[in-house]
Each structure stands twice: as C-alpha cells, then as structure tokens.
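The values are calculated or read from the model by the stated rules, or taken from the named source; none is laboratory data. Just so we're clear, the structure is a prediction, and the values are computed from it rather than from any experiment. Using ideal geometry, Cβ is built from the backbone for each residue, glycine included, and neighbour counts are taken over all protein chains shown. Accessible surface is based on the protein model in full, side chains and every heavy atom, while ligands, DNA and RNA are left aside. Shrake-Rupley method; radii C 1.70, N 1.55, O 1.52, S 1.80 Å.
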Amino acid sequence: AALNPDMRMLPGALQALVTPLISRPDVAATGPKFWWDDERRFSMPPNDDPTLAFLALMRFDPLIPTLSRLHGRRWLRRAVNYWRAAQPVSVSMLCGACIVTSRRVLNELGGFDPGYFLYYEDADWSRRARRAGLRLLYVPQAEVIHYYNQSPKSNPQRSARASEARFYAKHYGRGGSVGLEVVDRLATSFASRRAPTPPGDMIRLGQPEKPPRLTLNGLQP
C-alpha cells in the first residue's frame with residue numbers, strides 16, 4: 001500500500017481495499033473514499049486522467065465563461081455519481097495518497113516513478129496499469145481521512161509544474177512537451193487580454209491548510 005503521511009484510515013478501510021485484489025485478478029489496485037476532515041463533511045472529488053485535452057481544458061476553463069459552465073455541469077454530474085456510488089467502480093486513475101496493490105502487480109509494473117517529486121506519480125502509475133490491461137477500482141466502502149493540503153504546502157505550484165512537465169514528456173514525447181508550452185503561452189496571452197483588474201483592496205490570504213468553511217447567519221454547515 002502507498003499511504004501519504006497526512007492521512008488516517010478509518011476502521012475496516014484496509015480490508016475493504018484488499019478484498020477486491022484477492023477476488024478479481026484483473027484489478028491492479030484499489031483506492032478509497034477520501035474525506036478532507038475528521039467530521040467527514042468534505043469529500044474529495046474523482047481524479048481526472050491528465051490527457052492533452054484535459055490540459056487545454058484546465059488552462060482555458062477559468063478564462064472562458066461558457067466553457068467553464070459547460071465543463072462545470074459535466075464535471076458535477078460525474079462527481080455526484082462518484083460520491084453516491086455504493087459499490088466499487090472502475091476509474092481511469094487513483095489518487096496516490098492511498099493506493100493498495102499486490103506484490104504480483106508491483107513485480108509486473110514497478111512502483112511510483114521516483115522522478116516525480118510531488119504530483120503526477122499516481123497518474124503515471126495508473127496509466128501504466130491500464131496499458132497493461134488491468135483495472136483500477138474505487139472502493140467507497142473504504143473511508144480515509146486525507147487532511148487538507150498538508151503534503152504540498154511548502155511550494156505546491158513549483159512541485160506541480162515540474163511534475164507536469166515530466167508527465168507530458170514521458171507519455172507524449174516531444175509532442176507533449178511542445179503541446180504543454182504552446183497551451184501555456186496561448187492561455188497566458190488570452191488571460192492578459194481578458195482578465196479583469198482585481199480590486200485594489202483585495203488581500204491574498206495565502207495557502208489554506210484546512211477546508212474552507214462558510215457561515216450562514218452564524219451557522220456552519
């Protein structure tokens with residue numbers, strides 16, 4: 001099992017993750033349902049396989065309102081089905097904070113690529129598993145607390161960028177590296193022409209370490 005240091009497994013989680021590996025030889029690995037807090041109020045969304053199309057969508061989504069609305073609706077439908085799942089579901093990738101696999105699969109695929117300092121190692125490993133004809137299983141019966149934003153809080157943006165560049169170069173070759181550069185340049189140029197000037201009284205609050213909680217009439221949800 002691969003486990004982040006900033007997480008806690010709830011009773012029965014490990015057994016629920018191990019059982020499908022024993023009963024289904026076509027399953028490479030399993031992953032749990034993640035909560036961000038001990039009260040289990042904030043559930044983590046499903047992971048997206050970072051294809052080149054996904055890369056372009058993520059860069060331009062915040063810049064084009066129509067695209068953002070369409071993508072948001074599609075994403076929400078998928079996320080709600082994921083959150084409501086009562087039985088194990090096949091997924092395109094598993095979150096590396098908690099992945100349970102077998103010695104047989106590790107011998108076949110190897111472990112995480114050590115070239116990734118932080119982020120994308122799970123996407124890379126998930127790709128290798130699917131290319132080997134194996135399935136990845138999300139097991140909602142296994143519940144885990146993954147404390148919000150603890151691992152990357154030192155320098156998340158720098159870590160993400162380096163790993164992102166490695167992933168696209170590794171899986172798409174020279175075209176992936178060029179594609180990443182082109183998409184970034186286009187998105188930056190587009191943003192500079194469309195982005196509104198922020199109000200002068202805005203204050204940057206820094207990187208959050210806990211899930212944000214909103215209040216309504218003095219009550220927390």
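So here's what we get for this one:
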item	result
³J(HN,Hα), Karplus 6.51/-1.76/1.60, whole Hz, each residue of segment 31-44, x for Gly, Pro	x, x, 8, 9, 10, 8, 9, 4, 6, 6, 9, 10, 9, 5
Gln141/Phe190 FRET efficiency (R0 45 Å; Cβ-Cβ; nearest 0.05)	0.55
Solvent-accessible area, 1.4 Å probe, carbon plus sulfur percent, for segment 33-149	56
Phi to ³J(HN,Hα) by Karplus 6.51 cos²θ - 1.76 cosθ + 1.60 over segment 121-135, Hz, x for Gly, Pro	5, 6, 5, 4, 5, 4, 4, 4, 5, 5, 5, 7, x, 9, 9
Additional length obtainable on full extension of the chain from Arg77 to Leu10, 0.36 nm per residue less Cα span	21.4 nm
Accessible area per residue in Å² at 1.4 Å probe, computed on segment 9-67	49
Label-point separation, Ala1 to Ser43 (7 Å along Cα→Cβ), nm	2.1
Kirkwood-based Rg to Rh ratio, segment 1-151, C-alpha trace	0.97
